[in-house]
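Inspection log for the structure reproduced underneath, given as structure tokens.
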Amino acid sequence: MNNATIPGNLSLKPLTTHGKLLSSHPFMMKPIEEIFPLLSEPRQIAITMHQKPDADAMGSTLALKHFLALLGHTVTVISPTNWAGWVNWMPGAREVMDYEKDKKKAEAVLDNADWLFCLDFNIFHRTKGMTEKLKQLTCIKILIDHHQEPDVASFDYGISDTSKSSTCEMVYDFIINSGNADKINTTIGQCIYAGVVADTGSFRYASTHAGVHTMVADLKLRGLEHGIVHENLFDNFLENRLRFIGNVLLNRMEIFYEYNTALISIPKSDILKYHIKTGDTEGLVNYPQSIQGIKLVALVIDRDEERKWSFRSKGEFDCNTFARKYFEGGGHYNASGGRSSDSLEKTVDHFIKAMKENEKLLQ
Ligand code: 5GP
Ligand code: MN
């Protein structure tokens, strides 16, 4: 959706400055700062994130959970779906509820919640099967997110800031700005650091502004052992995943030099042959970026229910617009995702046409 949807069929363009959403309009969510004075009273709090949570979604929700629990709240994290096994090392990950697996219990938590925090997504349909449930809830809904084009009308309070490196950075800001810096411990630091490392491509993307490094320095001073996080994020896979990557790079990658584009398309047969599970394909889209001159990388995986796309670009190519226009998706300027109900062959053809249409932007 292009504009925030406002009750009464009015459409209003979000007011933004430097990527930060201004919330002065009466129909818009109230600024996150207005929640701070309300933090002192103990509440039932649910926290959720986008489906198939990645390190930023899981890290930010867990960091917020640990923080709010220290303030005396009763807090439950609910994921709309399952998640990659390699995320389970994060402190608290094993207590996260899987809505698909434990629907009744999760719905009871949601029904009982005074507040619902929504992290690392900004429109309910990113929670897949949980979408309708979230729409029905009447509790206070609070957004903390860094993606483009938020559906601000769905939230009571919040902050949407596309200039932020990660939702984890925003949870750090939330803790600091609410006057609770002293609550940051090594557990919270690990969760925050994991999401920041993941969402900045290990401090590489343009989103890594100076404040990200200042924050990490602060986390280090508060006891963060960063090496443990790197090991858990990058050295924590099984042999089959490495062999799968070898096969993909050898047999499933096509380079279109005249369009500075790399395409990886993975059939279901590879997923089955190499016993690939949720999360095993994370990071695969980054490999072709190491080829000189590549500006756009597209990865499509034939999943059971749909063909899932990931896009990454370097410099001036807007992956968010591309994913929205051609693949019912979205995300950030240099990293986005999308989907298709077509067969793998058909959606790949659609991509090649789209790439050709964008020839000028890819030069
Ligand atoms: P990934 O390729 O890692 O799945 O996603 C890259 C970025 O795009 C992430 O920030 C993710 O949240 C976002 N993204 C992925 N798929 C979709 C989608 O279908 N719709 C929207 N709006 N964003 C997506
Ligand atoms: Mn994120």
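The Cβ shell under 11 Å around Asp145 holds other residues with a net charge of -3, Lys and Arg each +1, Asp and Glu each -1. In units of the rule-of-thumb radius 2.2 N^0.38 Å, segment 309-363 shows an alpha carbon radius of gyration of 1.05.
Between His209 and Arg303, what length comes free when the chain is fully extended (0.36 nm per residue of separation minus the Cα-Cα distance, one decimal in nm)?
Net length gain for the segment: 30.3 nm.
Taking Cα atoms, how many degrees apart are the long axis of helix 186-199 and the longest axis of the chain, rounded to 10 and kept between 0 and 90? With rounding to tens, the tilt is 30 degrees. Across segment 239-362 the C-alpha pair distances fall into 5 Å bins from zero in the proportions 2, 11, 23, 26, 21, 12, 5, 1, 0 percent. Sorted from longest to shortest, the spans of the Cα atoms of segment 158-288 along the three principal axes equal 52, 35, 25 Å. Sorted largest first by accessible area at a 1.4 angstrom probe radius, with every protein chain in place, the residues His125, His230 fall in the order His125, His230.
Where both partners of a DSSP beta bridge lie in the chain, what percent of those bridges are antiparallel, to the nearest 5? Kindly include the intermediate steps, with their values, before the conclusion.
On the way: 25 of 53 bridges.
Taking every DSSP beta bridge within the chain, about 45 percent pair in antiparallel fashion.
Within segment 143-201, the proportion of C-alpha pairs whose separation exceeds 14 Å stands at 58%.
Looking at segment 239-362, send over the antiparallel percent of its DSSP beta bridges, to the nearest 5.
Antiparallel: roughly 75 percent of the beta bridges in segment 239-362.
When only alpha carbons are used to place a centre, segment 233-265 and segment 289-363 end up 15 Å from one another. Angle between the Cα long axis of helix 344-357 and the longest principal axis of the chain, 0 to 90 degrees, nearest 10? Roughly 90 degrees, rounded to the nearest 10. Direction-averaged projected area, Cα convex hull, segment 290-329: 3.3 nm², rounded to one decimal. Computed over the Cα atoms of segment 109-219, the ratio of the radius of gyration to the Kirkwood radius (Rg/Rh) comes to 0.99. Kirkwood hydrodynamic radius computed over the chain comes to 21.1 Å, based on all pairs of distinct alpha carbons.
Give the aspartates and glutamates reachable from Lys356 as a straight Cα distance under 13 Å; neighbours fewer than 8 places away on the same chain don't count. Filter leaves Glu258. Once all protein chains are placed together, Trp83 keeps about 40 Å² accessible to a 1.4 angstrom probe. Taking trypsin sites (Lys or Arg not before Pro) across segment 78-114, the ones in a DSSP loop with at most 12 further Cβ atoms lying within 10 angstrom of their Cβ are Lys101. Would segment 215-298 count as rounded, prolate or oblate if I go by the C-alpha gyration tensor, calling it rounded below 1.5 in a/c and otherwise prolate when a/b exceeds b/c, oblate otherwise? Oblate. The orientation-averaged projected area of the convex hull spanned by the Cα atoms of segment 177-242 comes to 5.3 nm².
Quick one: of Lys314/Lys346; Lys65/Lys277; Lys30/Lys353; Lys141/Lys164; Lys220/Lys295; Lys141/Lys295, which pairs are farther than 31 Å apart, Cα to Cα? Over 31 Å Cα-Cα: Lys30/Lys353; Lys220/Lys295; Lys141/Lys295. For the chain, the relative contact order comes to 14 percent (Cα pairs under 8 Å, sequence separation of at least 6). Helix 103-112 and the longest principal axis of the C-alpha atoms of the chain enclose an angle of approximately 40°. Under the simplified labelling scheme, the Trp89-Ile176 pair shows an inter-label distance of 2.6 nm, with each label point 7 Å from Cα along Cα→Cβ. Placing a label point 7 Å from the Cα of Ser290 along the Cα-to-Cβ direction, the residues of segment 226-240 whose backbone N falls under 19 Å of that point are 230-240. Using C-alpha pairs below 8 Å separated by at least 6 residues, the relative contact order for segment 239-362 is 20 percent.
The values are calculated or read from the model by the stated rules, or taken from the named source; none is laboratory data. The structure presented is a predicted model; accordingly, all values stated were derived computationally and were not measured. We place every Cβ from the backbone using ideal geometry, glycine too, and count neighbours over all the protein chains shown. Ligands, DNA and RNA are excluded from the accessible area calculation, which covers all protein heavy atoms including side chains. Shrake-Rupley method; radii C 1.70, N 1.55, O 1.52, S 1.80 Å.
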